[in-house]
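A short write-up of the structure that comes next.
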Amino acid sequence: MLGIALTMLKEKGETLVRFFDDLQEAMVVLINLIMKLAPYGVAALVAAVIGQSGWSVLKALLVYTVTVLIGLSLHAILVYGGIVKLIVKAPLKEFFKAIRPAQLLAFSTSSSSAALPVSMECAEKNIKMSKEVASFVLPLGSTVNMDGTALYQGVAAVFIAQVFGLDLSIGDQLSIVLAATMASIGAAGVPGAGIVTLALVLTTSGIPQVGLALILGMDRLLDMFRTAVNVTGDLSVATVMAKLEGEELLTGDEEDAFVDPEESAPEPTDA
Ligand code: ASP
């Protein structure tokens with residue numbers, strides 16, 4: 001509401017707008033400083049947990065990581081692959097090849113927002129959907145659709161509850177599903193947003209927030225994978241929407257196809 005009022009004030013509100021701009025920049029500097037200290041803090045927290053509970057916690061952490069990775073792979077292949085195959089009726093190999101540059105960028109930056117321009121290129125030039133669909137669905141998806149994040153938050157919440165020996169009823173599990181879905185919608189498309197909103201999921205489900213420290217060490221790695229799944233979701237849904245709009249997709253016309261900047265080697269040709 002304050003933002004709306006400041007916009008209505010025009011020049012009169014400029015000082016306050018500049019104040020918030022500067023405050024935001026100061027916050028970014030502050031967060032960067034905190035992030036420099038974070039690895040040592042995390043190491044200390046994990047050392048304390050291992051000291052109290054023994055090495056079994058590390059083994060459990062490994063099982064947690066593998067569970068998230070298996071869940072993400074199944075979601076990307078079965079759910080997203082499934083809807084593309086079923087509705088778009090396109091060969092999955094071609095679809096995944098078309099979106100690979102966006103997936104790689106999402107993986108390396110851990111940010112759906114950073115990957116957005118490349119997602120748009122992939123959608124328009126490789127999948128051949130119209131600009132109208134791409135520029136409506138993809139920006140919306142990059143902030144709202146984060147299934148990879150929701151999936152990871154669900155597994156993380158159950159893992160932390162198990163570490164603390166909490167017995168989760170079906171009702172508790174449903175509340176985790178609901179809270180994780182809402183929290184993933186609320187998460188921004190930037191690195192580490194998922195673990196911040198995970199705190200909300202834990203609070204809603206009555207799971208101790210200190211458990212976050214346990215999984216913090218693995219977060220960067222899992223962030224890369226879940227962001228790639230988030231972007232895969234955005235592109236899958238955009239492709240389905242374009243198909244429902246009656247567009248001709250994945251026509252295989254390579255002439256003006258988007259070239260992956262990372263990929264300098266030329267594609268082998270059949271000729
Ligand atoms: N990094 C994720 C994204 O940008 C959000 C998260 O789960 O932290 O999609």
Scan the chain and report its longest stretch carrying no GluC sites (Glu not before Pro) that are both in a DSSP loop and have at most 14 other Cβ atoms within 10 Å.
-> 1-244
Which residues make up the longest stretch of the chain that has no chymotrypsin sites (Phe, Trp or Tyr not before Pro) in a DSSP loop with at most 13 other Cβ atoms within 10 Å?
-> 56-163
Cα shape, the chain, gyration tensor, a/c 1.5 rule = oblate
Accessible-area value, residue 129, 1.4 Å probe, nucleic acids and ligands omitted, Å² = 10 Å²
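Given a 1.4 angstrom probe, I'd like the percentage of the accessible area of region 1-107 that is carbon and sulfur, rounded to a whole number. Please report the intermediate quantities before stating the final value.
Working: 5700 of 7630 Å².
Whole-percent figure for carbon plus sulfur exposure: 75.
Please give the FRET efficiency for residue 245 paired with residue 220, using the beta carbon to beta carbon distance and R0 = 30 Å, rounded to the nearest 0.05.
Values: r = 38 Å, r/R0 = 1.27.
The pair residue 245/residue 220 has a calculated efficiency of 0.20.
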Per-residue ³J(HN,Hα) for region 83-93, Karplus 6.51 cos²θ - 1.76 cosθ + 1.60, θ = phi - 60°, Hz, x for Gly and Pro | 6, 5, 5, 6, 8, 7, 6, 9, x, 4, 4
Average Cα contact separation per residue, the chain, under 8 Å, 6 or more apart, as relative contact order % = 27 percent
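Calculate, for residue 57 and residue 169, the FRET efficiency according to 1/(1 + (r/R0)^6) with r their C-beta to C-beta distance and R0 25 Å; round to the nearest 0.05. Intermediate results must be reported in sequence, preceding the final value.
On the way: r = 25 Å, r/R0 = 0.99.
With R0 = 25 Å, the Cβ-Cβ based efficiency is 0.50.
What is the dipole size for region 61-164, taken about its Cα centre, with +1 at each Lys and Arg Cβ and -1 at each Asp and Glu Cβ, in debye to the nearest 20? Don't skip to the answer; put the middle values down first.
Values: 8 positive and 5 negative charges, 69 e Å.
Value, rounded to 20: 340 debye.
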For residue 86 the rounded accessible area (nearest 10 Å², probe 1.4 Å, non-protein molecules ignored) is 130 Å²
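Let me know the shape class of region 19-149, please: from the alpha-carbon gyration tensor, a ≥ b ≥ c as square roots of the eigenvalues, rounded when a/c is under 1.5, otherwise prolate if a/b is greater than b/c, or oblate. Write out the running numbers ahead of the final one.
Numbers: a/c = 3.35, a/b = 1.41, b/c = 2.38.
Oblate.
Could you give the dipole magnitude of the chain about its Cα centre, charging the beta-carbon of Lys and Arg +1 and that of Asp and Glu -1, in debye to the nearest 20?
On the way: 16 positive and 27 negative charges, 190 e Å.
Roughly 920 debye, rounded to the nearest 20.
The values are calculated or read from the model by the stated rules, or taken from the named source; none is laboratory data. Treat the numbers as computed from the prediction; the structure is a model and nothing was measured. Backbone-built Cβ (ideal geometry, glycine too); neighbour counts: all protein chains shown. SASA here: full protein model, heavy atoms, side chains in, ligands and nucleic acids out. Shrake-Rupley method; radii C 1.70, N 1.55, O 1.52, S 1.80 Å.
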